[in-house]
Amino acid sequence: MTQATDPARTDLADCTATELLQLYRTRRASPVEATRAVLARIDRLNPTLNAFCHLAPDEALAAARLSEQRWREGRPLGPVDGVPTSIKDLILAKGWPTLRGSHTVDPNQPWEVDAPATARLREAGAVLLGKTTTPEFGCKGETNSPLTGITRNPWDPTKTPGGSSGGTAAAVSAGMGPLSVGTDGAGSVRIPAAFCGNFGLKPSFGRVPAYPLSPMGTVSHLGPHTMSVRDAALMMNVLKRPDTRDWHSLPSDDSDYLATLELGIRGLKIAYSPALGYAQGIDPEVAAAVQAAVAQLQDAGAIVEQVDPGIEDPLPITIGLWFAGAWAIWSGLSAEQQAVADPDFASEAEQGSKYSVLELHQLTLARGALGAHMRQFMTRYDLLVTPAVAVPAFDARPAGTVKLTPQNMLGWTPFSYPFNLTQQPACTIPCGLTQSGLPIGLQFVGPMFGDALVLRAARAYEMLRPIPRPALDF
């Protein structure tokens, strides 16, 4: 569906947030009707997809009724008033347990705090549905855990949705709420968005405030998952509002990301790097689809130069910093908690325990050099374009199925983790399907603080190739 017109003939669960808001304004649909449609979709599909680990239907309907009254009175609370929305289960939400995909977290404790992202969405009138699944502590690029089991891909439930925001991506792609918040520490927004065929944005670090800060440090970002770029821009206008609890948060940005969204890409200078100079094992269908997408950008007026940024694979930096974070979490667990942990997380922590202080400091210095190099590289280009992930979605599997090595963990997503290290904004948008019908993602990377430009470029590509939805015929 590309445009919602008549709610009598349209399943409201397939509407984007932008479409729902227009229906609310014109009184052709209400937040209660939309929330009921989404909850019905969740009832039908979540038993297969396992995208939600906590649902609050009564709370959602109560919030939707309040929103419906506000719309009736012509005084919506904010930009997303009445839009069904979910929150990844690494992000605090008042009144709901945040279990982080882990048996080690006690659900029986006070849950009295909204994280900044949750608070901003609630203040803007979003109808909060529940929490989406994550691997334990967001530890990997697929979504499975001993606590919540296996989350599956709406395009093919035998495949993984990716991770760690796999529940978020699967929910949005399947019409189980048009807006969801994910986190991205090494690709955890962009990997599942690519695998599930939705739009995912990792903003510039600090643009979306976080609290508490991630144990994985300053590689971790929060960002939107949507089925349209316009929805993501709308959501970012809400999420980027400041919060003093995050001492990394950027100064207030009062700009409207929707204002520049339709300016197109004519005249923009784009560096196209099909392998970043080091990536191997790129699936031929992925490479071909991204090449075709770049040709479309060029036809639309972008000035494209095929060039690598001149960096070495920074996987050792990512792995060292990430595994050290895992070790820090693990060290705070009791022996009883460690015994029920995900074997993949246990393996990360064990490997993280082997790094010395000197080695971690050297990795931090290497990260700084990488960031400086990319800042200089981006002075010559408006955007960098790459594949989002080197492969399509692979088989869904239980935690601990494959021995966790750095290559098994992230070697198949060599385009995502560099930009967590550099903290640049980056997004993925679908650019085609494999012969077996699985989505392929195109990545736009912007200069630091160039979030609006990344959204603008993605919107220009979306105009050329609208985002499709899965058939959901399982």
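Taking label points 7 Å from Cα along the Cα-to-Cβ direction, Q296 and A339 give a separation of 5.4 nm.
Placing a label point 7 Å from the Cα of S255 along the Cα-to-Cβ line, the residues of the stretch 160-204 whose backbone N sits under 15 Å from it are 203-204.
Karplus-based coupling profile of the stretch 33-43, in residue order and whole Hz: 4, 5, 5, 4, 5, 5, 5, 5, 5, 4, 4, with θ = phi - 60° in 6.51 cos²θ - 1.76 cosθ + 1.60 and x standing for Gly or Pro. Put +1 on the Cβ of each Lys and Arg and -1 on the Cβ of each Asp and Glu in the chain; which of T413, A295, W330 then has its Cα farthest toward the positive end of the dipole? Ranked along the dipole, the leading option is A295. Remark: relative contact order (the stretch 74-147) = 42 percent; criterion is Cα-Cα distance under 8 angstrom and separation of 6 or more residues.
Calculated mean residue ellipticity at 222 nm for the chain: -11000 deg cm²/dmol, from DSSP H runs with n ≥ 4 weighted as -39500 (n - 2.57), summed, divided by the residue count and rounded to 500. Label reach from T364 (point 7 Å along Cα→C-beta): in the stretch 211-245, amide nitrogens under 16 Å belong to 214-220.
With r as the distance between the Cβ atoms of R380 and K94 and R0 = 30 Å, compute the FRET efficiency 1/(1 + (r/R0)^6) and round to 0.05.
On the way: r = 46 Å, r/R0 = 1.53.
According to the calculation, E is roughly 0.05.
Provide Rg over Rh for the stretch 312-366; use the alpha carbon set for both Rg and the Kirkwood Rh (inverse mean inverse pair distance).
Values: Rg = 12.2 Å, Rh = 11.7 Å.
Looking at the stretch 312-366, the ratio lands at 1.04.
Our summary gives the chain a relative contact order of 17 percent, counting only alpha carbon pairs under 8 angstrom and 6 or more residues apart.
Divided by 2.2 N^0.38 Å, where N counts the residues, the Cα radius of gyration of the stretch 278-435 comes to 1.22.
Can you pull the Kirkwood radius for the stretch 1-95, inverse mean 1/r over Cα pairs, to one decimal in Å?
Numbers: mean 1/r = 0.0714 Å⁻¹.
This gives a value of 14.0 Å.
Per-residue 3J(HN,Hα) values for the stretch 366-383, derived from phi via the Karplus relation 6.51 cos²θ - 1.76 cosθ + 1.60 with θ = phi - 60°, read 5, 4, x, 5, 4, x, 5, 4, 5, 4, 5, 4, 6, 5, 9, 9, 6, 8 Hz in sequence order (x marks Gly and Pro).
Residues whose amide H comes within less than 5 Å of that of T132, counting only those at least five positions distant or on another chain, are C53, I87, K88, D89 (H built at 1.01 Å from N in the peptide plane).
Kindly identify the stretch 126-260 as rounded, prolate or oblate by the Cα gyration tensor criterion: order the square roots of the eigenvalues as a ≥ b ≥ c, call it rounded if a/c is under 1.5, otherwise compare a/b with b/c, prolate if a/b is larger, else oblate. The shape class here is oblate.
Can you find, among G149, M227, G162, the residue sitting farthest towards the positive end of the charge dipole of the stretch 139-257, where Lys and Arg contribute +1 and Asp and Glu -1 at Cβ? The listed residue farthest towards the positive side: G149. Debye-formula intensities of the stretch 196-309, expressed as log10 I(q)/I(0) at q = 0.12, 0.13, 0.21 Å⁻¹, are -0.62, -0.72, -1.21 (one equal scatterer per alpha-carbon, no solvent). Couplings for the stretch 228-234, taken from phi via the Karplus curve 6.51 cos²θ - 1.76 cosθ + 1.60 with θ = phi - 60°, read 8, 5, 4, 4, 5, 5, 4 Hz in order; Gly and Pro are left as x. Sparse packing (at most 13 other Cβ atoms within 10 Å of the Cβ) combined with a DSSP loop state is found for the following trypsin sites (Lys or Arg not before Pro) in the stretch 242-322: R266. Sparse packing (at most 16 other Cβ atoms within 10 Å of the Cβ) combined with a DSSP loop state is found for the following trypsin sites (Lys or Arg not before Pro) in the stretch 62-131: K94.
Mind jotting down a quarter of the surface of the convex hull over the alpha carbons of the stretch 100-203, in square nanometres, one decimal?
Details: hull surface 27.2 nm².
So the Cα hull casts an average projection of 6.8 nm².
Of the beta bridges in the chain, as assigned by DSSP with both residues counted there, near 65 percent are antiparallel. Multiplying each eigenvalue of the alpha-carbon gyration tensor of the chain by 5 and taking the square root yields semi-axes of 31, 27, 21 Å, largest first, rounded to whole angstroms.
When the Cα positions of L23, W71, N50 are compared along the charge dipole of the stretch 15-134, L23 comes out farthest toward the positive end, with charges on each C-beta of Lys, Arg, Asp and Glu. Based on the reciprocal of the average 1/r between different C-alpha atoms, the Kirkwood radius for the stretch 153-223 equals 12.1 Å.
What is the dipole size for the stretch 16-464, taken about its Cα centre, with +1 at each Lys and Arg Cβ and -1 at each Asp and Glu Cβ, in debye to the nearest 20?
Details: 36 positive and 41 negative charges, 174 e Å.
Roughly 840 debye for the stretch 16-464.
Here the stretch 117-253 is assigned +1 on the Cβ of each Lys and Arg and -1 on the Cβ of each Asp and Glu. Its dipole about the Cα centre then comes out at about 100 debye.
Which shape class applies to the stretch 360-404: rounded if a/c is under 1.5, otherwise prolate when a/b exceeds b/c and oblate if not, where a ≥ b ≥ c are the square roots of the Cα gyration tensor eigenvalues? Working shown, then result.
Working: a/c = 6.41, a/b = 1.55, b/c = 4.13.
Here the stretch 360-404 falls in the oblate category.
Could you tell me which of the pairs K202/K354; K131/K269; K94/K403; K140/K240 are separated by over 28 angstrom between their Cα atoms in the structure shown? The answer is K202/K354; K131/K269; K94/K403.
Where Lys and Arg each count +1 and Asp and Glu each count -1, what net charge lies around T413 among other residues with Cβ under 13 Å from its Cβ? All intermediate terms of the calculation are to be shown ahead of the outcome.
Working: positive: K140, R190, K202; negative: E142, D184, D283, D313.
Around T413, the surrounding residues sum to -1.
Quick note: the coordinates plus some simple rules give every number you see, no bench work behind them. Remember, predicted model here, so these are calculated numbers, not experimental data. In this analysis, Cβ positions are derived from the backbone assuming ideal geometry, glycine residues included, and neighbour counts consider all displayed protein chains.
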